[in-house]
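Structure record follows, encoded as structure tokens.
Since every read-out is calculated from the coordinates, none of them should be taken as a lab result. Note that the structure is predicted; figures quoted are calculated from it, not measured. FYI the Cβ positions are ideal-geometry reconstructions off the backbone, even for glycines, and counts take in every protein chain you see.
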Amino acid sequence: MESIYQALVEIVGEDYASNRHEELFTYSKDLGTSPPQWPEYVAAPKTVEEVQKIVYLANKEKVAIVPLGGGLTLAGLALPLKGGIIIDMKRLDKIIEVNEAARYMVVEAGASHGKVTAYLHKHHPTLMHSEPGAPAAATIGGNMAIHGQGDLAHPYGFNTDMINGLEVILPTGEIARFGSCAVGSGWYTMHPLPDLGLFLGWNGSTGIITKISFRLYPYKKIRDNDAFTVSDENLVPEILHELTHLGLTEDLIATSSEIPPVMNRLHHISIMIAGDYEEEMEFKRHMIFDLTLGKYIRSGVGGIGGIAAERLRPQISKSADWKKGGGFEYVGSIVPVAAYPECYRRGSEISARHDIPYTVLGRVIGCCHAMMFSWSYAFNRADAETVRHAREALHETDVMVMELNGTIWKPAVFGQKLMMDRMDQTTLQLMKKVKDLLDPNGIMNPGNWEVQ
Amino acid sequence: MYKLTFNEDLCLACGTQDCLVRCQHMDIDQKTARIEMEKIINGEDSFVLHDCATCYACEEYCPHGNHPFYLIVQRQDELGMPPLPEPLIKRGIQTGIPFRGEPEIDEIKGTALNMCVFSNLMDRVQGRLFEGLPIISHDSRKMFHYFCQLMYLHYGKTSVINERLDKIIQTLAAHKAKEIIHFHDECYGTYTSYAPAFGIEVPFKSIHLFEYLYNRLLELKNEIKPLNYKVAYQRPCSSRLSPPMHQYVAKIFDLIGVENVKREYVDENAMCCGGTILGQKKEGSRQYCAEVQKKNIDDMKNAGAEICVFNCPACITTLGKPVQKEGIWPLFMSDLCRLAIGEKIG
Ligand SMILES: Cc1cc2nc3c(=O)[nH]c(=O)nc-3n(C[C@H](O)[C@H](O)[C@H](O)COP(=O)(O)OP(=O)(O)OC[C@H]3O[C@@H](n4cnc5c(N)ncnc54)[C@H](O)[C@@H]3O)c2cc1C
């Protein structure tokens, strides 16, 4: 025990390694309903080489390692289910390159979304990345490891669809690169090399991402958050379909929640538009509200809920505040946009059963190719009964997603199992072979995507 | 059931039909105006019920102090012809539902300031002008218990106001203040115009914010340093419910040494901020709203305004950013007055 701690101190320095109870305590929890899981050590490396040395050490000692970014999935995905070492990636946060002309950026995986946004804002104000609605401390690596989506999901898809290159430390410690960077041609494209997509969506159980190149997009000067409101949930898919056909918007999100009352049983479609000129904005508003949505307004079934409201980045959910005690966790799913009405109806029934004000949200991914639909459940951290209710509601929701033929996004272990139970056997066995091949000692974030 | 006091005979015998003839948003001659008012009085459909921009101005234009606007809204309600699409009505009605506990009622002796649903604007009522004034509804979690409800005039829903207002009045009255200054003149209009028009009893005296500010500035007269700004005032719709209070705008401007710029959309010809027009069902409302706002702001600009002064939080939300883009500084009246006595505003 002591020797592992000493070895970690030698790798990262005394200030950045710990086996002290009070420090491990912080790492034993995440913000959701998961019960605490204690690591034995935590280390916060500053360089790729330090990460690599920790991986070698873990292999030698056969001790589990869990990469941790912001720890913000809420689903317990960076909790050490089998103890071991938490590798806190937040110090590995250098911004390595921004290529304005080719619109991409290379960062170390522990760089936070907040840092990236602030950096671009300051140094490259005409560029943006797709920022998730998570708190700003969420890391690029953690978000990619779970296939996150951000505020450019409608035009450009999942954040992992925007990757131009990856550097990964394999579970056995070697460093591998993927994309054009693998052939020394810079970090500007992932294609056309043979596909080795083995690291995304794996929750860090097949390797530790250390560098990422991802695409940047034009950041326009004028940015509006407009809203369109309907009472009938059945209208939401067709409205989103029409808006994506028009193709003039950035983010498209439909939300409904019981609290505050102003949102109750209504569906607010946030329509983000951007432009460099007032004329461009007015053209977009005209196309969206007068021509495309005008018929809903005139017939009285839809209304402009607001125009040109300030647009904060990131947009962070406030639903944790609805129950005293400040806790919330959500099930995210990837579903067809057409599933919105049913997801909303069944989700609000689950909430009602557990006495939790319902909060749902659907973010369009791609040109209505899919939607990330989430059900949030608030709880009071100091009240075990409300935590139990939230946990049960989350599990029921996981099951419901399966019943709706959806796919659970960033599933907790319970949801991972549900999906693996349904998974085609060949795929499942391939996952196992990949995992066994890459991680012969079974040390990488064990308990996640574990095929029995 | 509260009943609107509306003198139908007086209206039908009116020699001007100013209520509709002077409307800025509908082009109506006197003959048509008479016909349409008659229909409205008789509870029949009229294009006015569909095309009304709900700017409240006809309340002021009526030479008899009758209540044409309240009547229009009541008829929209009775005939199920709300000016806004159904989801916006539902949203609006739900906005006023309190959801975070009961208000704490502290007894207040003398005069109090009522923030209504603008508890988040406490920064706007700081400094010596408001020193020692107890505040009702300073807690944004509880503010909907004080919501004057008059907003529902834009929604074609007198029924909602009439259903809820008495409880709000009871909550305000429970503080036992003798006089209540209303931060927003929508509240002042509620308690001094709407409530009496519908026979709803109000057990406290209401004071308009501008009257209060004017008198307070008089007390601090020696400390006033003329500001010498050119100022335009964005008169809100609810000011139409208390025309005598509008005179305080000019009086305050005189007192603090700012120039009330000469412009077209001023006083009785003031232009609505457009906020309510934006969402209306009527074809072209969004564009019309943009047009109204442009005309209004161009008018301020052409008159050389450096500052646009607001009373209404909704107007400043709607017009604040656009006027700022044109280089005009949006300011609440209370802040302008604070500047005049040498205070810094946050
Ligand atoms: C209020 C709120 C709103 C949110 N909104 C969004 C949203 O809009 N979009 C969205 O995508 N997400 C959202 N999330 C979920 C989540 O916070 C984000 O996806 C976040 O980006 C995850 O990053 P993280 O650094 O916190 O990851 P962590 O929780 O630290 O890690 C996630 C997983 O990846 C693994 N991991 C971490 N770093 C690495 C690495 N370098 N290499 C390999 N594996 C690694 C971890 O072991 C874990 O399994 C939201 C969360 C909250 C609390």
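Among the residues of B:278-287, the average count of other protein chain beta-carbon atoms within 10 Å of the residue beta-carbon is 6.
In terms of distances greater than 23 angstrom between alpha carbons, the cross-link table entries A:410/A:432; A:29/A:82; B:3/B:109; A:115/A:220 yield B:3/B:109. Annotation for the stretch B:180-202 versus the stretch A:290-304: alpha-carbon center distance of 34 Å. When all alpha carbon pairs of the protein assembly as shown are counted in 20 Å bins from zero, the resulting P(r) reads 14, 40, 31, 13, 1, 0 %.
When only Cα pairs under 8 Å and 6 or more residues apart are kept, what is the percent relative contact order across the stretch B:111-211? The partial results should precede the final answer.
Details: 135 pairs, mean separation 30.8, N = 101.
Result for the stretch B:111-211 is 31 percent.
Under 20 Å of direct C-alpha separation, and excluding same-chain neighbours fewer than eight residues apart, residue A:284 reaches these aspartates and glutamates: A:151, A:224, A:226, A:238, A:242, A:250, A:251, A:276, A:310, B:283, B:291.
Volume per residue for the stretch B:221-340 equals 97 cubic angstrom (convex hull of Cα atoms). Relative to the longest principal axis of the Cα atoms of chain A, helix A:384-403 runs at roughly 80 degrees.
How big is Rg to Rh over chain A, alpha-carbon atoms, Rh as the Kirkwood inverse-mean-distance radius? Provide the component values of the computation, followed by the final result.
Numbers: Rg = 22.2 Å, Rh = 22.8 Å.
Rg/Rh for chain A comes to 0.97.
Evaluated with a Cβ-only charge set (Lys, Arg +1; Asp, Glu -1), chain B carries a dipole of roughly 840 debye about its Cα centre, given to the nearest 20.
Relative to the longest principal axis of the Cα atoms of chain A, the long axis of helix A:113-123 lies at roughly 70 degrees.
The separation of the stretch B:1-55 from the stretch B:212-237, counted between C-alpha centres, amounts to 37 Å.
Among A:389, A:241, sorting on how many other beta-carbon atoms sit within 10 Å of each Cβ, with the fewest leading, yields A:241, A:389.
3J(HN,Hα) along the stretch A:221-228, derived from phi through the Karplus expression 6.51 cos²θ - 1.76 cosθ + 1.60 where θ = phi - 60°, amounts to 5, 9, 9, 10, 10, 9, 9, 10 Hz, with x in place of Gly and Pro.
Report, in deg cm²/dmol and to the nearest 500, the calculated mean residue ellipticity at 222 nm for chain A, where each DSSP H run with n ≥ 4 adds -39500 (n - 2.57) and the sum is divided by the residue count.
Numbers: 13 runs with 136 residues, N = 452.
Calculated at 222 nm, the ellipticity per residue is -9000 deg cm²/dmol.
Would you please name the GluC sites (Glu not before Pro) within the stretch A:52-148 that are DSSP coil residues with at most 12 other C-beta atoms within 10 Å of their C-beta? Answer in residue order: A:100. Each eigenvalue of the Cα gyration tensor of the stretch B:8-78, multiplied by 5 and square-rooted, gives one semi-axis; in descending order these are 15, 14, 12 Å. Taking a sphere under 11 Å around the Cβ of residue A:90 and counting the other residues whose Cβ falls inside, with K and R at +1 and D and E at -1, yields a net charge of 0. Among the GluC sites (Glu not before Pro) in the stretch A:182-246, none sits in a DSSP loop with a Cβ that has at most 13 other Cβ atoms within 10 Å. Counting lysine pairs in the stretch B:111-211 whose alpha carbons fall under 23 angstrom apart, excluding pairs fewer than 8 residues apart on the same chain, gives 10. Put in order of Cβ neighbour count within 10 Å, fewest first, the listed residues A:304, B:108 become B:108, A:304. Computed from label points 7 Å out along Cα-Cβ, the spacing between residue B:223 and residue A:23 is 5.5 nm. Pairs of Cα atoms nearer than 8 Å and 6+ residues apart set the relative contact order; for chain A it is 16 percent. Per-residue mean of foreign Cβ neighbours for A:303-312 is 5 (Cβ atoms of other chains, 10 Å radius).
Database remark: amide H of residue A:127 closer than 5 angstrom to the amide H of A:219 (H placed geometrically; neighbours at sequence offset of 5 or more, or on other chains; Pro and chain starts carry no H). Note on the stretch A:72-110 and the stretch A:359-403: Cα centroid distance 25 Å, given to the nearest whole angstrom.
Near residue A:168, once Lys and Arg are set to +1 and Asp and Glu to -1 for all other residues with Cβ below 11 Å from its Cβ, the sum equals 0. Residue B:203 sits among other residues whose Cβ lies under 13 Å from its own Cβ, and their net charge, with Lys and Arg +1 and Asp and Glu -1, is 0.
Average partner chain C-beta neighbours within 10 Å, per residue of A:284-293? Working shown, then result.
Working: counts 0, 3, 3, 0, 1, 5, 5, 0, 0, 1.
That works out to 2 on average.
Here residue B:295 is the anchor, and the lysines within straight C-alpha reach of less than 17 Å, apart from those fewer than 8 places off in the same chain, are B:262, B:321, B:325.
Per-residue 3J(HN,Hα) values for the stretch B:181-195, derived from phi via the Karplus relation 6.51 cos²θ - 1.76 cosθ + 1.60 with θ = phi - 60°, read 8, 9, 4, 10, 6, 4, 5, 4, x, 4, 7, 10, 10, 5, 4 Hz in sequence order (x marks Gly and Pro).
Note that the stretch B:200-217 has calculated 3J(HN,Hα) couplings of 9, 6, 10, x, 10, 8, 9, 10, 6, 3, 5, 5, 4, 4, 4, 5, 5, 5 Hz, one per residue in order, obtained from phi through the Karplus relation 6.51 cos²θ - 1.76 cosθ + 1.60 (θ = phi - 60°); glycine and proline are x.
By the gyration tensor of its Cα atoms, with a ≥ b ≥ c the square roots of the eigenvalues, what is the shape of the stretch A:221-410: rounded for a/c under 1.5, prolate for a/b over b/c, or oblate? Since a/c reaches 1.5 and a/b is larger than b/c, the shape of the stretch A:221-410 is classed as prolate.
Between the amide H of residue A:104 and those of A:99, A:216, distances stay under 5 Å, these residues lying 5 or more places away or on another chain, with hydrogens modeled in the peptide plane. Once you have a ≥ b ≥ c as the square roots of the Cα gyration tensor eigenvalues for the stretch A:99-203, tell me rounded if a/c is under 1.5, and otherwise prolate or oblate according to whether a/b is larger than b/c. Here the stretch A:99-203 falls in the prolate category. Per residue of chain B, the DSSP helices (runs of n ≥ 4 H) give a summed -39500 (n - 2.57) that works out to -12000 deg cm²/dmol at 222 nm.
Starting from the Cα gyration tensor of the stretch A:102-164, take the square roots of the eigenvalues, sort them a ≥ b ≥ c, and report rounded, prolate or oblate (rounded when a/c is under 1.5, otherwise prolate if a/b is larger than b/c, else oblate). The shape class here is rounded. For A:21, A:154, A:147, B:145, the sequence from fewest to most other C-beta atoms within 10 Å is A:21, A:147, B:145, A:154.
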